[in-house]
Amino acid sequence: MLKNLQSKKTLHNGIGIPYVGLGVYQMKDPSETVQAVKSAIETGYLSVDTAAVYGNEESVGQGVKESGADRKDLFITSKVWNSDQGYDTTLKAFETSLKKLEMDYMDLYLIHWPVEGKYKDTWKALERLYSEGLVKSIGVSNFHQHHLEDLMSSSNEKPVINQIECHPRLSQEKLKAFCQEENIAVEAWSPIAQGRVLDEPALKQIAEKHGKSSAQVILRWHLQNDVVIIPKSVHANRIKENADLFNFELSSDEMNKINDLNQNERFGPDPDNFDF
Ligand SMILES: NC(=O)c1ccc[n+]([C@@H]2O[C@H](COP(=O)([O-])OP(=O)(O)OC[C@H]3O[C@@H](n4cnc5c(N)ncnc54)[C@H](OP(=O)(O)O)[C@@H]3O)[C@@H](O)[C@H]2O)c1
């Protein structure tokens with residue numbers, strides 16, 4: 001149920017993931033990252049999305065610690081990087097991430113990208129970590145439908161979530177529908193398209209009507225589509241703005257106007273064609 005910043009979406013394994021989390025991609029400066037995490041938790045965020053490749057797991061861990069929040073109230077996600085994929089290497093990478101975070105478990109661990117010929121072995125390692133209780137939920141990122149079908153054809157556990165590029169220019173209707181059918185939650189990365197669509201007149205008009213910003217309108221659109229969001233900001237005022245989403249509602253006409261902005265336009269790489 002979508003009520004406030006603490007509201008959670010129930011994953012197919014029964015665990016709740018907060019609908020809103022803080023993304024920390026491209027936060028390079030350690031003190032800035034620590035500050036952003038503290039500021040988010042102070043605002044009421046319960047979730048932080050990091051990855052080994054972001055190089056800031058230590059700072060995320062430090063921010064969590066300095067926030068004084070109870071670890072068990074928080075939801076911490078990290079991801080295994082492409083060069084670490086494979087069974088043994090993933091187990092090792094997970095251990096390294098956990099150490100950097102200074103935590104004894106992770107809430108969610110994701111395969112960052114579907115590396116051909118490797119992601120099934122990587123998934124087996126995630127299944128083991130899950131069975132050992134070191135991670136409470138396991139999922140994937142940047143998986144197309146065919147990657148999910150291939151993975152599920154031979155896995156014991158089904159991914160709880162697929163974290164994908166999703167914003168008004170890339171609304172991902174088909175993949176969202178497939179995930180919904182399969183009871184796999186969808187989490188949007190670059191949920192506000194890194195700020196690229198904020199000047200879109202249709203968004204500005206809707207925003208003005210509700211006394212909100214374009215960013216808030218986009219984030220609310222995701223929530224009303226039952227999509228988990230992880231907007232990134234290093235600025236306390238934007239961290240607050242991106243969480244102030246629970247005192248207005250978009251009409252179906254407004255939702256449709258935002259749907260109409262889709263151009264199937266990716267700002268990031270296509271998961272069928274990446275070279276890293
Ligand atoms: N799985 C993947 O492959 C993958 C890929 C990319 C991202 N991600 C995850 O998704 C998270 C979010 O994606 P993202 O960081 O690419 O993009 P985003 O959240 O869509 O946008 C972040 C950008 O928008 C600015 N911004 C934030 N709030 C704003 C607001 N209210 N008004 C105007 N500008 C605002 C930020 O600047 P300031 O920081 O200066 O405020 C930053 O430049 C990442 O941090 C990461 O955790 C995952």
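Quick note: the coordinates plus some simple rules give every number you see, no bench work behind them. Predicted model only: the values in this text are computed from it and were never measured. We place every Cβ from the backbone using ideal geometry, glycine too, and count neighbours over all the protein chains shown.
A few remarks follow.
- Computed over region 80-194: relative contact order in percent, which uses C-alpha pairs under 8 Å that are six or more apart: 22
- Among the chymotrypsin sites (Phe, Trp or Tyr not before Pro) in region 92-146, none sits in a DSSP loop with a Cβ that has at most 13 other Cβ atoms within 10 Å.
- Principal-axis analysis of the Cα atoms of the chain puts helix 87-101 at an angle of about 60° to the longest axis.
- Here the contact order of region 1-111, divided by its residue count and restricted to Cα pairs under 8 Å and six or more residues apart, works out to 23 percent.
- Considering only the chain, percent of DSSP beta bridges that pair antiparallel, nearest 5: 15
- Value of [θ]222 nm, deg cm²/dmol, for the chain, DSSP H segments ≥ 4, -39500 (n - 2.57) each, nearest 500: -11500 deg cm²/dmol
- Cα-Cα over 23 Å, subset of 3/209; 176/209; 174/240: 176/209; 174/240
- Ranking 61, 109, 142 by Cα position along the charge dipole of the chain, where only Lys, Arg, Asp and Glu carry charges on their C-beta atoms, puts 61 farthest toward the positive end.
- Dipole moment magnitude, nearest 20 debye, the chain about Cα centre, only Lys, Arg, Asp, Glu C-beta charged: 480
- Remark: for residue pairs 120/158; 38/92; 100/120; 28/204, the C-alpha separation exceeds 19 Å in 38/92; 100/120; 28/204.
- 3J(HN,Hα) from dihedral phi, region 5-12, Karplus parametrisation 6.51/-1.76/1.60, rounded to Hz, x for glycine, proline: 4, 8, 4, 10, 9, 7, 7, 5
- Lys, Arg +1 and Asp, Glu -1 on Cβ, resulting dipole of region 212-264 about Cα centre, debye, nearest 20: 300
- Between 0 and 90 degrees, the angle of helix 119-131 with respect to the longest Cα principal axis of the chain falls at about 80 degrees.
- Relative contact order of the chain, pairs being alpha-carbon contacts under 8 Å that are 6 or more residues apart, as %: 19
- Just checking the listed ones, 181, 57, 241: in the Gaussian network model of the chain with Cα springs under 10 Å, the one fluctuating most is 181.
- Exposure proxy ranking for 164, 111, based on other Cβ atoms within 10 angstrom of each Cβ and starting from the fewest, stands as 164, 111.
- More than 23 angstrom apart: percent of Cα pairs within the chain: 50
- Aspartates and glutamates whose Cα lies under 17 Å from that of residue 232, excluding same-chain neighbours fewer than 8 positions away: 29, 32, 42, 49, 57, 165, 187, 241, 244
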